[in-house]
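See structure below.
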Amino acid sequence: KVKKFLSISELSNLLGLINKKNKKPLNHVLRYWEKEFHQMKPKVINKRRYYPENQVETAKLIKFLIKDRGLTIKGTKNFLKNNTNKLDDNNSDSLNTIYFKKKLKDKSKIILEKINRIKKHGEKNSH
């Protein structure tokens, strides 16, 4: 399997970290997260940042915890350090459960859109 790397702008766009006025990616947010979270260490090639798949997932989780769930930087650091909610592992409202439900829902939506595109236009135009 070929490792896929995303540029900082591609990752900002993927995460929806975009300036609403000028539609430019908010790359400074990712650079800030790199300083705050040791888990965010992109490869630097020719002075450009590239994020491997595992870091894309980490960035998605950080964004979910901070932007969607309202955790502080410190709270997010603690969550990532523990890597699990030990106190509420069996609770269906745990942050891990909510995050993975959201992730599953997003992937299901993408698959459904692809299926509908194939039904509508045929397989050759589904990309």
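Here are the numbers for the structure shown:
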read-out	value
Considering residues of region 27-74 that are of a type in the set (Phe, Trp, Tyr) and part of a helix (DSSP H, G or I) only, the residue most open to solvent (accessible area, probe 1.4 Å)	Tyr32
Test: Gly70 is of a type in the set (Gly, Ala, Ser) and over 16 Å from the mean Cα position of the chain (by Cα)	no
Residue within region 91-103 that is surrounded by fewer than 10 Cβ atoms within 10 Å (Cβ to Cβ) and modelled with pLDDT of 90 or more present	no
Pair list, Cβ < 7 Å and 6+ apart or interchain, from region 104-127 residues that are outside any helix (DSSP H, G or I) to residues that are surrounded by 10 or more Cβ atoms within 10 Å (Cβ to Cβ) and modelled with pLDDT of 80 or more	Ser126/Lys114; Ser126/Arg117; Ser126/Ile118
Arg48, sole failed condition from (1) out of contact with any Ser or Thr (no Cβ under 7 Å at 6 or more places or on another chain); (2) farther than 22 Å from Asp106 by Cα	(1)
Complete set of residues in region 77-88 that are at pLDDT below 90 and part of a helix (DSSP H, G or I)	Asn78, Phe79, Leu80, Lys81, Asn82, Lys86, Leu87, Asp88
Residues within region 14-26 that are more than 23 Å from Lys77 (Cβ to Cβ) and crowded, with 17+ Cβ neighbours inside 10 Å, tallied	1
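The values are calculated or read from the model by the stated rules, or taken from the named source; none is laboratory data. Since the structure is predicted, the reported quantities are computational estimates derived from the model, not experimental observations. Note: ideal-geometry Cβ built from the backbone for every residue, glycine included; neighbour counts use all protein chains shown. The protein model used for the area step is the full one, side chains on, heavy atoms only, and it has no ligands, DNA or RNA in it. Shrake-Rupley method; radii C 1.70, N 1.55, O 1.52, S 1.80 Å.
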